[in-house]
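The values are calculated or read from the model by the stated rules, or taken from the named source; none is laboratory data. Not measured: the values here are computed from a predicted model. The area values use the complete protein model at the heavy-atom level, side chains included, leaving out ligands, DNA and RNA. Shrake-Rupley method; radii C 1.70, N 1.55, O 1.52, S 1.80 Å.
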Amino acid sequence: MKIDTRLRCSCSRCILTRTKPDLLMTSETEKLADLLARVALRDRAAFQQLYRRASPQLFGIGLRILKDRAEAEDVLQEVFVKIWHNADRYAPQVASPLAWMNAMMRNLAIDTLRRRKPGGGDLDVAERLADDSPGPEDQALMRSEGRRIEACLTELEPARAEAVRLAYVEGESYLELAERFGAPLNTIRSWLRRSLIKLRECLTR
């Protein structure tokens, strides 16, 4: 699927909030979650809407890390191909839609930076770069929810907790996880499915 990557980063800060016991979504966060659900059903119109809403901020992350517009555009395209294939694995109780997509963009941009020749970029600086942050109140709410998620993850076996983090926060694919853990794809799917059920049960206590 060819994606138009001519959009440039001109977005305003996106505020993502969480509260307990359930995720309290802003209208934009709720819209992104709805679009991801529709993309999971292979809705191309929803995919185009998701691209228009999310690509400016994702492009900005890539540009800040890579400092090269062409490379940032290439990584942006790669991220949206990944989103198209993995939207069905987005878990709203683990990460906000934008946080999930931001993590994919940041990780792929840093991987691109690592592949450069020496002197092509400051990897230490790139590792510390983050997208625009929420305000203090929003950060406090997100930290509170994050602590609840971390506590629930400790109830899982370590390998399965790590798989959940990599899949639903970092955006790794089933194939990437299978290679990382040396396990068949069906085993990875089973791990994630059962772990997510346990995580949901923990978060609703």
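In order along the range 41-51, the phi-based Karplus estimate (6.51 cos²θ - 1.76 cosθ + 1.60, θ = phi - 60°) of 3J(HN,Hα) comes to 8, 6, 8, 5, 5, 5, 5, 5, 5, 4, 4 Hz; Gly and Pro are listed as x. Solvent-accessible area per residue in the range 32-122 equals 41 Å², computed with a 1.4 angstrom probe and all protein chains kept.
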